[in-house]
Each structure stands twice: as structure tokens, then as C-alpha cells.
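Colleague: Before I ask anything, let me first share the structure, which is written out below as C-alpha cells.
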Amino acid sequence: MNQTDYLKARFEQLQQEEPGGNLAAVRSKAFSAFERMGIPTVRNEEWKYTRISGLFNKEYTLAADIAALSSNDLTTYQLPAHEEANVLVFVNGIFAEQHSVIRSAGISIQLLELAAKNEYAPIVAAHFDHSSSYVNDGINALNTALLHGGIFVHVAKNKVIEHPVYIYHISDARNTPVLAQPRSLVYLSENTQLQLAETYITIGGSGSFTNQVMEVVVEKDAQLSYYKIQNDSADASQVNTTHIRQTGTSVVNVVTISLNGGIVRNNLHAVMEASHAEAHLYGLYFQQGNSHIDNHTVVDNVVPHCQSNELYKGILDNNATGVFNGKIFVRKDAQKTNAFQSNKNVLLSDAASVNTKPQLEIYADDVKCSHGCTVGSLDEEGLFYLQSRGIPYKAAIALLLQGFAMDILEKIRLEPIRAYVTELIAQRLTAESI
Amino acid sequence: MDEKLSNIEQTVLSDYKYGFVTEIESEEAPKGLDESTIRFISAKKNEPEWMLEWRLKAYRQWLKMEEPAWANIQYPPIDYQDIIYYSAPKKKATIESLDEIDPELRRTFEKLGISLEEQKRLSGVAVDAVIDSVSIATTFKDQLAEQGIIFCSMSEAIQHHPELIRKYLGSVVPVTDNYFSALNAAVFSDGSFCFIPAGVRCPMELSTYFRINAENTGQFERTLIVAEPGSYVSYLEGCTAPMRDENQLHAAVVEIVALDHAEVKYSTVQNWYPGDKEGKGGIYNFVTKRGICYDHAKISWTQVETGSSITWKYPSVILKGDHSVGEFYSVAVTNNFQQADTGTKMQHLGKHTRSRIVSKGISAGQSNNSYRGLVHVGKNAANARNYSQCDSLLLGDKCGAHTFPYIEVKNKSSVVEHEATTSKVGEDQIFYCNQRGIDTETAVALIINGFAKEVMNQLPMEFAIEAQKLLAISLEGSVG
């Protein structure tokens, strides 16, 4: 049985097991979209530089037995200060309640399939699968079609969630290659605050492929901070869609840190649907070996008076390849938009490469938009300055790179996470400078 | 302010002053395209067998290709069987001197502001005039020949310099490069050929003037410039067409070969008929332009794009040789319903190659103006350097400005920078001018000229003035 047949059988099985509800229709629609479009190839402009079709030659197992994982397996991978955090665990793409801990009042978590039927049904109906209108490809549709064990996170009105929410995605690839398809919908009601930190772990050596879709709705006066840390093993690939809708005047701060992995593709969307909303998108990628990192961001200014800032910085070593594609849309009526975007890259090796495409599409005249991008190697003069003060060549390089990364690291406002990521980078730089 | 704006918006667009039709008897190929059309063109031009073969090969490739759809432009499908692929003014024999040109034709060019006579006597610009499909006259040929420079029409070159044509034609833009270049290769009817021998600095500006005249025709010209080692040439190109309600296709190819230490400067003022205010009619300008630089060579593209209902054009430079330089300066203006998707490609292959891109887009009315550019730095292009700047200016809230820069870097010692901004003409700037007694219309023209200056400065003197006027005309009445 080839992979597509396998996925199809799985889809039919799911439709039988969990029929009814308004999600069934969305899922069927998504499945036919998947059948029509298939796995994106490099002929698709959005996938020009990222080749994932090869990943599907593997025989993945979907939703493998999640009971095999014990809580002991997890302890090794905990993020710092997890004792103080709400913890959500996905195993092989399926929400694992037994490993999850909720400490804060005001936050409720349940299966998406359930939320689609109870009092949250209107929210789910309004926002679930909104991302599909922004990524028109088979891979996003596949996640929706095979929705199973996804979660709905609801933050009640006027609640500030003190404890951050840590989300772990564990792929248990000890026996067979795993295809994980986590799905979540996060809803921040009016006047709330939420901090999210998310990380990905593959256990075992059979390889994993994570196809994640996360949709976030941010209502009026809400604040979201979202930190994504990608530091998985070299045979762990992922396609990651984070779709944020700012339906009210709100502030969103997203930092994506990509340090390792096989082929990693991040789609990050900020759809600004309310005036005076703010979005800050930051990213740092530091890749070695044969890894491939692809950041596709979309900032869609639908209404006037919105502001967005975007800064992505990348360091590429060995045979690593980096892709950045930043789109800023300013719709017809979105006057007084301020949108800024910048992408800076450092290449440390001649075998490394970067493809960047900062893109503006502007349909309103009273706007301030700019984008810029640079690719280069480290500043010779800076290196010379440090060396002239007795700092060895390699240590000087490490120091400069640390400074380069600092711009992004300081945007992480969750102290333990910032310290953790800073340490990861420092370790790597020390290893490089030896 | 609002009331004032609407007043200004009511100001009627000045008419396209090149929109007249000249009544010249012309000889046309039957409508439609198949192998017999190509044989007809080839026979008309009395071409050798190898040329016909080359065309047929291109045609067969073209049949297998698909029209590109990736550009940010919209147009109804083109019926390639509804186009006349060859149209030539009838009374043409081989012309020895300018006096032999059809007086009607000569008047046409005078109307266009290119008096062939006058050019000959005064300005020191050698002109090759192409109307519809054929080259009408080339001036200053003899003087140029003294230095060994060949400047003639493509059909003449095929007759008299077959060895050069066989060597270089299609060497930069291969037959199968893209849909429109394949079509051009199959049916091109004329164009200019220019050859500068080693070490010669061309003493005057060379210029080609293109004019579409006949109805329902497509114009497919092909220009080839070969600059031998150490030579220099500056080349100008201008184009106009009559006002017609239906769209006409223009699919040209320009190839430049700059051998070691040669320098070629290519300037275009493109002013094809842009269609009327409702977006009816106008020229589809689907052009492939590319140059190749060998060691220490330099190619510089400068373009002022004000016409055409649709522009699809990416003058590119392949920086093959070490220390070669590529430049691209562009001002693209769109108004009413015009669409432009234009930019450049800089392929850095050699070591120490440098490129510079300055693109200024101005959109007004309901037009869309896109910059699409590629900077590619190959694995072996050590110390490559690129700087790109693309700025957009929006006049009015119904137009769009877009940038699609592609940057691909595969070498760590290279430095690539890209910057882009989008802005509008500030009310404070206009107020400042008004305060000093400059009316709004003039103020906007002033600001736009300042915006485009960096590019305009690159144009040769004769062209710069014309281009500046053109800019003002294209945007008249669109102040917002």
C-alpha cells in the first residue's frame, strides 16, 4: 500500500469512527482538496526551494500507539521551569491527557472534536480551518482531513494566565517512522494574556514527520506571546502552520527559534482584522549539517491603522540551506498601515546557501512599508578588532555570532525560555569555536 | 483638500500623442501561424536554409511550451491564430540613401520627433528605424563602417554577415528560453544588428526606433549586439504605436554579448500605446532581454517604461566572467489600467562580479506595478557583490505596488543587499510647494522627477529630456 492509499484508508476509518458534527464536512472537503493537490512539489511557487515530496517515500505510521510512552520518557525533555507551567503533551500528534497538567484557572482545554459539539461550537465553526484560505496546498488539507486528537484551548474573558503554557510534541519513533499531525485551536477572549512555549522531540531513530496546524484567535485587548523552539533530531522533519487571527485590537509577539531538524518548514500568518492591532514576528535560525529551514510568513493588513514588525535572522553552516519568504499584504482600505520587514543572513560555509524573497503587495497609498534583506559573511573589521585585542579568531567569530543572535533572543520575554535558548546557542558556538 | 483632489482627478489625461496611423500600403502575411507562415517570412526575407531551420526548430519547441502564468498580470487569452505575423511597408527596395524612403514614412518619423534627415546632419545619433516588421532605414552606416562597426538591420546581417549571426544569434537567449522568446525566434521579421570590433569605442549613440503601424499585427523584432574585447557602445531604443481598441502583441528579444573588457550601455524609452482610460486597447509588451558579460565586461540596462497596457520584461545580465559588472536602472510608470511586471535578473557566476539594481515604480489610477527581480550568486562567485533598491510611489488609493525580489546565495564571501520602500507623495511636500507658488500639478511632477532622478541620470542626454517629459505626461491628471 502506498502512502496516499494508506492515508485514504485512514481517512475513511476516521469518518466512520467519528461521524457527525460540523467537523465531518470540513474534513471531507479538506480530503478532496488533498486528493486534488497532493503533496506540494517544487513546481508550486510557495514550495520552490523546499522539497518535501521525498519525505513521503517513507512508510509512516499515523497515530501509533501512544500508551507506549511513559512519563519517565518525558522527564529528559522538559523545558526549564516546567513545574510552574501548564503542560500540554501531544504524542504522535494526538493530545495525551495523562501527561498534561493544567495549573491556571481561566484556561480550559478539551478535544477539538468535543468543542465542536458543546457551547464552544460557534467559536470552532467560525475559526477552525481558517488557515486553509491562506495556505492552498495539500499538506495543510491533509492535517484537517485526518483531524484526530486535536485540542481546543479557551482562555476565559478578563483572565491573565500567569503560568505559561508549555506544549510538547513527542514523536515516538522507536519502532516505526511516525507521521504526527497535531492540530489545535487557541482562543484568547477579550482582555486576556497568554504565553505559549512549544517544542518538538523525536524519540528513537526511525524518523518522524510532523505536520502541524495551529490556529489562534486573539480578541480585543488580548495579548499573546508565542515562542516556538525547534531543536529536533536530523531525521525529524516538519511542516508547521501557525495561523493567528487578530479579530480585535490586540498585541501578538511570536518568536521562532530553529536550531536543528531535517527539513523544517514554518508558515506563520498574522491576519490583522482590527484597527490598531500590533504584530511582532521574530525568528532566528542557526542551522548546521544538512538541515533545511524554510520560514514563510504572511502579514495581512485587512483594516487601517495596523502595525507590524518582522525581523528574521539566520546563520547557516555546513551544507545547511535556509529559505525566507516574507509577504506583506496591504488591502485596499488598509490605510495608515506601518509594516516593516527585515531578513539578515550569515553564511559560514561555501556549501551553505540561502534563498530569500521579501515580498510586498500593496493596494493602499497612505502606508509606510519597507523591507530589506542582506546576505553576507561576518564583518571583517569587527573580527580584526576583536583579534587585535587578543581574542582568538574562532572565539571572535562566536562572539560576533552571539551578538547577531542577541537581537532576537532578547525578544523572548519568558525568562526561563530565554535563558534556555541562549544556553543552547552558546553551547553550539563553543563547540564551533573549538 | 478633498474637493481639490477631485478637481485634479477630473483633469483629463493628456492624449497619447503618438496615436496616429500612417496610411502606408503594406504587404502582409495571412493571419495565423503555422509552419507555412514561417516559410513565408523566411522566403520573403530571402533567408538561407540554416535560418529557416533555426526558425522551424523554435516553432516546434514553442508548440510544446505553455504560456507563463506566474506574472502578476491579468489578460484575456491571446489568440495566436488571430495575429498577422508579418507586415512590411510595400514600396521597399534596397535603399541607398534617405531620399529614397517613402515620403509618407519619412513624415511619420518626423511626427515622432525622429527626423531621419536631421538626425543625420545634426545630432550624431545613428538611427535604425523599424516600422511594423521591417527596418526602414539606417543612418550613418558609412561613417560607422570606417571604424569596422557594423550597424544594420537583422535581415541585412543575415545576408551579409552570416558567420556572426550563426555564432551569436540565440547564444544568450536560447531558442527554447521561454514561451515568448521561442515565438519570437520562430517569426521575428527584423531588428537591429550591431557589431563593435575589438578596441573600438563607438563614436556615437546607436539607436533603434520601433513603430507598430498596421492593424492586427504583432511585432516581433530581434536585436543582437556584439561587443568585441575592449569595445564600447551606447545603444538607445524607443517605441510607439497607434491608438487602437484591440490589444496588439509585441514580443521582442534583445541579446547582448559583451566580451572581455567590453562595455555596453542599453537604454530604452518604452512608450507603446498604453490603452485608453477604460483600459481598452494597448500593447502587450512581452519582451526578453538578456546580456552576457565575459571577464571585466560591463552591461548596463536603463529603462523608462511608461507605455504598454501590459509590460512583462526582465532585462537580465549573466555575469559569467570574473570582475564583470551588471547594472539595471528602471523607472516604470503605470496609470489607468496598465499593468507592469518588470525587473531584472542578475546571475553571478564569475568571481568578483558586481551588480547594482535601482528600480523605481510609480503607480497611479487603477494600475498595478510589480517589481520582480532575481539575484543569484552561484557557488563559484567568490566575493560577488550586489546592491538592490526598489522603491514604489503610489498616487491614489486604487492602484497597487508590489515587489517580488528573489535572492539566492550559494557563496559565503558574497554580500547581497536588498532594500525596498513604499510611500506616497506627502501632503506636506505638496503644501510646501503650494506655499511657494507652485501649483499642485507641477509640484507632483517635481516630486516624481526627484523620485526618478537616480535612474534618469543614467540616460544619455538626448533621451533624458524626452523621458522626463514622458513621465510628466503619463501621470498628468493622476495627482492624489
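Colleague: Which of the trypsin sites (Lys or Arg not before Pro) across segment B:392-480 are loop residues per DSSP, with 10 or fewer other Cβ within 10 Å?
Modeller: Numbers: sites: B:Lys398, B:Lys410, B:Lys412, B:Lys424, B:Arg436, B:Lys453, B:Lys469; in loops: B:Lys398, B:Lys410, B:Lys412, B:Arg436.
Listed in order of number, the matching sites are B:Arg436.
Colleague: Further, regarding this structure: Within 13 Å, Cβ to Cβ, of A:Ser370, how many net charges do the neighbouring residues add up to if Lys/Arg are +1 and Asp/Glu are -1? Display every interim value, and only then the final one.
Modeller: Numbers: positive: A:Lys368; negative: A:Glu310, B:Asp391, B:Glu419.
Overall, the nearby charge balance is -2.
Colleague: As a test of reading the structure, rank B:Lys44, B:Lys298 by solvent-accessible area (1.4 Å probe, protein chains only), most first.
Modeller: On the way: B:Lys44 90, B:Lys298 55 Å².
Descending accessible area places them as B:Lys44, B:Lys298.
Colleague: Right, here's the next one. Anyone know which of A:Gly283, A:Gly38, A:Gly322 comes out most mobile in the 10 Å Cα GNM of chain A?
Modeller: Sorting by GNM fluctuation, first place goes to A:Gly38.
Colleague: Okay, moving on. Compare A:His169, A:His276, B:His376 by solvent-accessible area with a 1.4 Å probe and give them largest first, with all protein chains kept in place. Could you put the intermediate results ahead of the total?
Modeller: On the way: A:His169 10, A:His276 115, B:His376 35 Å².
Most to least solvent-accessible, the answer reads A:His276, B:His376, A:His169.
Colleague: Could you tell me the distance between the Cα centroids of segment A:248-264 and segment B:60-83, to the nearest Å?
Modeller: Segment A:248-264 and segment B:60-83 have Cα centres spaced 40 Å from each other.
Colleague: Of B:Tyr294, A:Ser206, B:Ala252, which is farthest on the positive side of the dipole of the protein assembly as shown, counting Cα position, with +1 on Lys and Arg Cβ, -1 on Asp and Glu Cβ, and the Cα centre as origin?
Modeller: A:Ser206
Colleague: Probe radius 1.4 Å, ligands and nucleic acids left out: which of A:Lys48, A:Lys336, A:Lys368, B:Lys360 has the largest accessible area, and how do the rest follow?
Modeller: Result of the area sort, largest leading: A:Lys368, A:Lys336, A:Lys48, B:Lys360.
Colleague: Taking the DSSP beta bridges in chain A as the whole, what percent of them are antiparallel, to the nearest 5? Don't jump to the answer; show the numbers that get you there.
Modeller: Details: 8 of 142 bridges.
Counting DSSP beta bridges with both partners in chain A, the antiparallel share is about 5 percent.
Colleague: Mind grabbing the accessible area of B:Asp295 for me, 1.4 Å probe, Å², rounded to tens?
Modeller: Accessible area of B:Asp295: about 60 Å².
Colleague: With a 1.4 Å probe and all protein chains left in place, how much of the accessible area of the protein assembly as shown comes from carbon and sulfur atoms, in whole percent? Walk me through the numbers before you get to the answer.
Modeller: On the way: 16720 of 33990 Å².
Here it works out to 49 percent.
Colleague: Under the Karplus relation 6.51 cos²θ - 1.76 cosθ + 1.60, θ = phi - 60°, what is the ordered set of whole-Hz ³J(HN,Hα) values for segment A:263-278, x standing for Gly and Pro?
Modeller: Working through the residues one at a time gives 9, 10, 10, 10, 9, 10, 10, 10, 9, 9, 9, 10, 4, 6, 6, 10 Hz.
Colleague: Which residues belonging to segment A:363-391 lose at least 40 Å² of 1.4 Å-probe accessible area when the assembly is complete, relative to their chain isolated?
Modeller: Residues of segment A:363-391 that lose at least 40 Å² of accessible area once the other chains are added: A:Tyr363, A:Asp365, A:His371, A:Cys373, A:Val375.
Colleague: Which residue, A:Glu59, A:Glu423, A:Glu381, has the most motion in a Gaussian network model of chain A that connects Cα atoms within less than 10 Å?
Modeller: Comparing A:Glu59, A:Glu423, A:Glu381 in a Gaussian network model of chain A, the most mobile one is A:Glu381.
Colleague: What does the net charge come to around B:Ser316 if you take all other residues with beta carbon closer than 9 Å to its beta carbon, with K and R at +1 and D and E at -1? Don't skip to the answer; put the middle values down first.
Modeller: Values: positive: B:Lys289, B:Arg290, B:Lys345; negative: none.
Its environment carries a net charge of +3.
Colleague: For chain A, what class follows from the C-alpha gyration tensor (a ≥ b ≥ c being the square roots of its eigenvalues): rounded when a/c is under 1.5, otherwise prolate if a/b is larger than b/c, else oblate?
Modeller: Working: a/c = 1.45, a/b = 1.24, b/c = 1.17.
Here chain A falls in the rounded category.
Colleague: Just read off the accessible area of A:Thr374 with the full protein assembly in place, 1.4 Å probe, to the nearest 10 Å².
Modeller: Using a 1.4 Å probe on the heavy atoms, I get roughly 50 Å².
Colleague: Percent antiparallel among DSSP beta bridges with both residues in the protein assembly as shown, to the nearest 5? Intermediate results must be reported in sequence, preceding the final value.
Modeller: Working: 32 of 292 bridges.
Antiparallel bridges: around 10 percent, rounded to the nearest 5.
Colleague: Sticking with this one: Could you pull out every one of the lysines with an alpha carbon less than 24 Å from that of A:Lys8, ignoring same-chain neighbours closer than 8 positions?
Modeller: List returned: A:Lys29, A:Lys58.
Colleague: Using 23 Å as the Cα-Cα cut-off, could you pick out the over-long pairs in B:Lys320/B:Lys345; A:Lys313/B:Lys424; B:Lys320/B:Lys360? Walk me through the numbers before you get to the answer.
Modeller: Details: B:Lys320/B:Lys345 13 Å; A:Lys313/B:Lys424 29 Å; B:Lys320/B:Lys360 27 Å.
A:Lys313/B:Lys424; B:Lys320/B:Lys360, as the Cα separations exceed 23 Å there.
Colleague: Please identify the GluC sites (Glu not before Pro) of segment A:73-170 that satisfy two criteria: DSSP loop assignment and at most 11 other Cβ atoms within 10 Å. Which are they?
Modeller: On the way: sites: A:Glu83, A:Glu84, A:Glu97, A:Glu113, A:Glu119, A:Glu162; in loops: A:Glu119, A:Glu162.
Sparse-neighbourhood loop GluC sites (Glu not before Pro): A:Glu119.
Colleague: Find the accessible area per residue for segment A:173-320; the probe is 1.4 Å, ligands and nucleic acids are left out, and the unit is Å². All intermediate terms of the calculation are to be shown ahead of the outcome.
Modeller: On the way: 3090 Å² over 148 residues.
Heavy-atom accessible area per residue stands at 21 Å².
Colleague: At most 15 other Cβ atoms within 10 Å and a DSSP loop assignment: could you name the trypsin sites (Lys or Arg not before Pro) in segment A:274-334 that fit?
Modeller: Details: sites: A:Lys313, A:Lys327, A:Arg331, A:Lys332; in loops: A:Arg331, A:Lys332.
The qualifying sites are A:Lys332.
Colleague: Among all the lysines, which ones have a C-alpha under 28 Å from A:Lys220's C-alpha, if same-chain residues fewer than 8 places away are not counted?
Modeller: A:Lys220 reaches A:Lys117, A:Lys157, A:Lys159, A:Lys228, A:Lys327, A:Lys332, A:Lys336, A:Lys368, A:Lys411.
Colleague: Got the relative contact order for chain A handy, in percent, Cα pairs under 8 Å and 6 or more residues apart?
Modeller: 10 percent
Colleague: Let me check against my output: what whole-number percent is the relative contact order of segment A:378-434, with C-alpha pairs under 8 Å and at least 6 apart?
Modeller: On the way: 29 pairs, mean separation 21.5, N = 57.
It rounds to 38 percent for segment A:378-434.
Colleague: Once you average over the residues of B:386-397, how many Cβ atoms of partner chains fall within 10 Å of each Cβ? It would help to have the intermediate numbers written out before the result.
Modeller: Numbers: counts 1, 0, 2, 1, 2, 1, 3, 1, 7, 1, 1, 8.
Going residue by residue through B:386-397 and averaging, the value is 2.
The values are calculated or read from the model by the stated rules, or taken from the named source; none is laboratory data. Please read these numbers as outputs of a predicted model, since none were measured by experiment. Note that each Cβ is placed from the backbone with ideal geometry, even for glycine, and that neighbours are counted across all protein chains shown. Side chains included, ligands, DNA and RNA excluded: accessible areas come from the protein's heavy atoms. Shrake-Rupley method; radii C 1.70, N 1.55, O 1.52, S 1.80 Å.
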